[in-house]
Amino acid sequence: MSVLLEKFVLTPELDKIISNSPSVIIPDTKETLYELIFGNEHTDKIEVSYDVNGKLVKEASVVRCKNGASVNFVEDYMRRRDPDCMRIADDFPTDKPRFEDVYGYDFDLLREETYRWLTRQELILVPFKAGGYQYGYDSLLVCPRNTAFFAFALAQLQAFLNVKEIKTPFKPRAVVYVAPPFRHTHFKGRQVCVHSRHPDLHEVFAYNLYPGPSAKKGIYSVLLDIGEQEGWVTAHASAARIITPYENEMVMMHEGASGGGKSELLQDVPRVGDGRVRLGTNTETGEKLYISMSDTCTIEPVTDDMALCQPAYQPKNGKLAVTDGEDGWFVRVDGITEYGSDPLYEKIAIHSKENLMFFNLDGIPRATCLLWEHTLDSNGSPCPNPRAIIPRRMIDRIVDTPVEVDVRSFGVRMPPSTRETPGYGILGLMGIIPPALAWLWRLVAPRGYKNPSIADDGGAGAGPNLASEGVGSYWPFATGQRVKQANLLLEQILSCPNTRYVLIPNQHIGVYEVGFAPEWISREYLARRGGVNMKMDRLVPARCPLFGYALKEMKVDGQQISSWLLRPERQAALGVEGYDKGAKILYDFFAKELEIYDTEELHPVGKEILACFRSNGTIEDYCAITPLGLE
């Protein structure tokens, strides 16, 4: 062990922790790390518990299934990410809550206490690359041995490194410390993830065991921090190369707040029993709209959630290039409710030749963990956030090299909207928007209707109220300053004029419940056209300028899409009156959220775009600032 540790260049504090720990394990394979979860091959179930002020508190149970480990937390609250769990414990510029301001004392006190606690634990160290093998940064996880499931989850999500193959010297750019009982002793049971930034090191202190805020989004925070220093962005996006039945290709990148449809971009178009595709259901009359599609596009996945946009591989043709920042995908499977819901992920999970990691799924010892058997919350309802970690290498047709993006779409969860109960769910099936509006939507990034991914207190995640995830939809994970991130995002958009932008709703269009059908139909339509490649005479300004242009008509696979879905104000149950009330809700929300960015530090073009919004600019006004690029 001492020979292996000689490869590491560690801080004095971490070196002291390792030197004084009762034992330190550095697994050289993921298989070894997996066996550490259960301790021996005969153990089928373990309970993860901690001494909290003399009382043993159970955090989670872990079951050995035929296809991997199934983790279930005791508390419903711990089964999702708390959106308010980030605290900053350094003196660098930030717009996030500082630890001392929230808790009333210097984090250095808790830092030392955390170090002392870790010194007394048997430890697991996991070296990995934050951001992927090719373009990532040397990083290290430090966690107690009895949280081996957490270490295995991180090793599946990030680019795990075999310590025997590490080149000397290995100086971590990021270190993640895991100290679960502090959630109870210091934070009243809440999820807390503390970030401490240094010029050449980013420390993440994870005081909870749900991997979302730390092993997943905590590493996202690390990449955003590095990008803020170096002048680039890690987009909150999925991306795929779309190949039509006629072998035309288009790369589409889909962004949005959590639950905005990123994973859905990578799914095949689902069909009903007779082979048709359901576009929507009228929530008042029950009328269903369908389309028949003989062939759909082939999907070659690129990213699922974190799209690196580093300068190293950017082309000089006016398009944005992206590559994946993860080695495994933290896939939400709430949409898999029965066999056949998602054949791709079901096949991988059921027939995996390697052990996988499952969260909030009902795992039975030595049986196959099934993606549609969701754990029940305390109220008897299925947990809305069941997850599986899917290694990229297991996904068919996965793309491992940077790709140039033709279309960037942005997804928004929309509530049902009618004349009697107006809401902001008035966006047509697809809006064609100029870069200026694309930037505004990313600044606001509405979290939207019934978000299943996060723990919330009854606000935007539970109903039709609006809340913002902010800059680029990745602001919840950023540690720095809003305006700096807004400027980076705008500079990225302005530097890529040949990448086009669209806006896509999900869940509802007016009175119609549509799920993610608009995203799948838009993907098929755009791929067949080679991207946003159309004449202006095919477009009409949307009644709400924030939606850009609506299509006069849309034909997919020879069939017409109902104008009720393209221009929702034509729906009898909504009408112009209901539409305009919904537009006002949206404008008021944008006005409130955009005030934050109206500062002296904002990019000059950004100031011009905000001025256009404040003066109720038309779509033509936005296009005058940043051209749409169509004839």
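Remarks
- Most tightly packed first, judged by the mean number of other beta-carbon atoms within 10 Å of their residues, the peptides 220-228, 557-565, 295-303 read 220-228, 295-303, 557-565.
- Projecting label points 7 angstrom from Cα along Cα→Cβ for ASP200 and ARG397 puts them 4.5 nm apart.
- Accessible-area composition of region 24-138, carbon plus sulfur, in percent [1.4 Å probe]: 47 percent
- Peptides 615-628, 321-334 ranked from most to least packed by the mean count of surrounding Cβ atoms within 10 Å: 321-334, 615-628.
- Checking every one of the GluC sites (Glu not before Pro) in region 250-298 against DSSP loop status and a limit of 11 other Cβ atoms within 10 Å picks out GLU287.
- Percent antiparallel among DSSP beta bridges (both partners in the chain, rounded to 5): 70 percent
- Computed from the C-beta positions of THR337 and SER495, the FRET efficiency with R₀ = 56 Å rounds to 0.85.
- Backbone N atoms of region 152-189 closer than 18 Å to the 7 Å Cα→Cβ label point of GLU6 belong to residues 163-171.
- Label assignment, Cα extents along the principal axes in Å derived from the structure, set [x] 94, 71, 53; [y] 79, 75, 47; [z] 72, 57, 45: [z]
- ASP91/ASP588 FRET efficiency (R0 41 Å; Cβ-Cβ; nearest 0.05): 0.65
- Charges were assigned to the Cβ only: +1 to each Lys and Arg, -1 to each Asp and Glu. The resulting dipole of region 275-429 about its Cα centre is roughly 220 debye.
- Spin-label model, LYS353/GLU165: points 7 Å from Cα along the beta carbon direction are separated by 1.7 nm.
- Extreme residue, positive dipole direction of region 160-292, given options SER292, ILE219, GLY280 (C-beta unit charges): ILE219
- For the chain, taking a cut-off of 4.7 Å between Cβ atoms, the unpaired cysteines are CYS85, CYS143, CYS193, CYS297, CYS309, CYS383, CYS496, CYS544, CYS612, CYS623.
- Potential extension, TRP117-ARG276 segment - 0.36 nm per residue separation minus Cα distance: 51.4 nm
- A simple spin-label model places the labels of LYS58 and ARG614 5.8 nm from each other, with each point 7 Å out along Cα-to-Cβ.
- Among the listed pairs LYS216/LYS607; LYS262/LYS592; LYS66/LYS164; LYS188/LYS584, those beyond 32 Å (Cα-Cα): LYS216/LYS607; LYS188/LYS584
- Based on protein heavy atoms only, region 503-631 ends up with 41 Å² per residue of surface accessible to a 1.4 Å probe.
- Computed about the Cα centre, the dipole magnitude for region 166-308 is approximately 800 debye when only Lys and Arg (+1) and Asp and Glu (-1) carry charge, each at its Cβ.
- For the listed residue pairs LYS7/LYS55; LYS316/LYS581; LYS55/LYS129; LYS30/LYS58; LYS316/LYS535, the alpha carbons are over 32 angstrom apart in LYS7/LYS55; LYS316/LYS581; LYS55/LYS129.
- Proximity of backbone amide H atoms, modeled 1.01 Å from N, is registered between GLY425 and no other residue at under 5 Å, excluding neighbours fewer than 5 places apart on the same chain.
- Each Cα pair under 8 Å and six or more residues apart adds its separation to the average, and for the chain the resulting relative contact order is 15 percent.
- Highest average packing first - 335-345, 398-408, 384-394, Cβ atoms within 10 Å: 384-394, 398-408, 335-345
- Dipole of the chain, positive direction: furthest Cα of GLN559, LEU427, ALA321, with charges on the beta-carbon: GLN559
- Stretch gain in nm, segment SER19-ARG543, where the contour uses 0.36 nm per residue and the Cα spacing is subtracted: 182.0 nm
- Size of charge dipole - the chain - debye, nearest 20, with Cβ of Lys, Arg +1 and Asp, Glu -1, no other charges: 560 debye
- Helices in the chain, meaning DSSP H runs of at least 4 residues, each add -39500 (n - 2.57). Divided by all residues, the mean residue ellipticity at 222 nm is -7000 deg cm²/dmol.
- Counting 0.36 nm for each residue step from LYS188 to ARG98 and taking away their Cα separation leaves a gain of 30.6 nm.
The values are calculated or read from the model by the stated rules, or taken from the named source; none is laboratory data. As the structure is a computational prediction, the values presented were derived from the model and not from experiment. Every residue, glycine among them, receives a Cβ derived from its backbone with ideal geometry; neighbour counts consider all protein chains shown. Side chains are part of the model used for accessible areas, which takes the heavy atoms of the whole protein and leaves out ligands, DNA and RNA. Shrake-Rupley method; radii C 1.70, N 1.55, O 1.52, S 1.80 Å.
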